[in-house]
1. Out of the range 17-53, which residues are more than 30 Å from Ile130 (Cβ to Cβ), hydrophobic (A, V, I, L, M, F, W, C) and either surrounded by 14 or more Cβ atoms within 10 Å (Cβ to Cβ) or touching a Cys at 6+ places or on another chain (Cβ under 7 Å) (or both)?
2. Quick test of your reading of the structure: Asp170 fulfils all but one of (1) in contact with a His (Cβ under 9 Å, 6 or more places away or on another chain); (2) touching a residue at least 60 places away in the same chain (Cβ under 8 Å). Name the failing condition by number.
3. So, restricting to strands (runs of 3 or more DSSP E) that lie completely within the range 123-235, which ones have at least 1 residues that are charged (D, E, K, R)?
4. Among the residues in the range 50-58, are any in contact with a helix residue (DSSP H, G or I) (Cβ under 9 Å, 6 or more places away or on another chain), in a loop (DSSP other than H, G, I, E, B) and in contact (Cβ under 8 Å) with a residue 40 or more places away in the chain?
5. Restricted to the range 112-122, and to residues that are part of a strand (DSSP E or B) and among the hydrophobic types (A, V, I, L, M, F, W, C), which residue is surrounded by the fewest Cβ atoms within 10 Å (Cβ to Cβ)?
6. Consider Arg138 carefully, then state whether it is modelled with pLDDT of 95 or more, out of contact with any Phe, Trp or Tyr (no Cβ under 8 Å at 6 or more places or on another chain) and surrounded by 18 or more Cβ atoms within 10 Å (Cβ to Cβ).
7. For residues that are touching a Leu at 6+ places or on another chain (Cβ under 7 Å) and either more than 21 Å from Thr76 (Cβ to Cβ) or acidic (Asp, Glu) (or both), tally how many sit in the range 212-239.
8. So which residues in the range 26-42 are free of Cβ contacts under 8 Å to residues at least 12 places away in the same chain and either closer than 26 Å to Ser146 by Cα or aliphatic (A, V, I, L, M) (or both), if there are any at all?
Amino acid sequence: MSSYEEFKQECRAEIAALGADGALQKATREWMDRANGLKYSYHFEWMGRPIIQYPQDIVAVQELIWTVRPDLIIETGVAHGGSLIMSASMLALLDLCDAIESRATMNPVTSNRKVVGVDIEIRAHSRKAIQSHPMSSRIQMVEGSSIDARVLSEVTQAAKGHDRVLVFLDSMHTHAHVFAELEAYAPLVSAGSYCVVFDTVIDDMPADSFPDRPWGPGNNPKTAVREFLARHNNFEVDHEFDDKLLITVAPGGFLKRLS
């Protein structure tokens, strides 16, 4: 066993202990409720664009992209574009690493890695900022509801010719909408890759956290995930992400495709 493998083995035991520590879980939940009240996740950027994610989830996503090495990332929910930029920049790094390895092995590298971002409204200022960003050549944007037939057709067409597909769902957070997204986009995920459902944490938050939104405890992405998993046995929750992150908007939302 290599030193790296030994380190990872130690980490797995430590991560399991983190997940089993009830007092730590309770303290984390209390911290998140207080921080969410001050819009903690809104205050971070990736390469100059607001990303609206916890730093912990940003780190988890880059780990996931490095592990899966996708040639296509599909994201629902664009907002200011920070997540699209992050995904595109990670794909650029994968291409760079492939190119370095290719020069060592004398094998040519061709890449069609890209990101498809879907949103019911891509605001003009966001579209302009994304299109003028150095990562823009890797990004395709589709405007419309993520569960609209036209949009699904366009995304499915964009997915053709891609072997390793990773999906992030982060748009409308009601049970019905997220379940429809899962039914539509999960089939595009390649075996061994993931469909990450963000904002499952809504189910764990105080009932009065979203007075002006149609979602809340009992009606949110986590309840949609539960229904989806009850109907599909080719996906499972990768709980290691929950255990090691602790602070995450996607507890129980890292869904790995088994077959």
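The values are calculated or read from the model by the stated rules, or taken from the named source; none is laboratory data. In this text, all values refer to a predicted model and were calculated from it rather than measured experimentally. No Cβ is skipped: glycine too gets one built from the backbone with ideal geometry, and neighbour counts run over all protein chains shown.
1. Listed by number, the list holds a single entry, Leu18.
2. (1)
3. Details: elements: 139-143, 165-169, 194-197.
Answer list for the range 123-235: 139-143.
4. yes
5. First, pick out the residues of the range 112-122 that are part of a strand (DSSP E or B): 114-119.
After this cut, where a residue has to be among the hydrophobic types (A, V, I, L, M, F, W, C) as well, the list is 115-116, 118.
Working: Val115: 26, Val116: 22, Val118: 27.
Per the criteria, the residue is Val116.
6. Values: modelled with pLDDT of 95 or more: yes; out of contact with any Phe, Trp or Tyr (no Cβ under 8 Å at 6 or more places or on another chain): yes; surrounded by 18 or more Cβ atoms within 10 Å (Cβ to Cβ): yes.
Here the answer is yes, as Arg138 does meet what is asked.
7. 1
8. Those that are free of Cβ contacts under 8 Å to residues at least 12 places away in the same chain and either closer than 26 Å to Ser146 by Cα or aliphatic (A, V, I, L, M) (or both): Ala27, Ala35, Leu38, Lys39, Tyr42.
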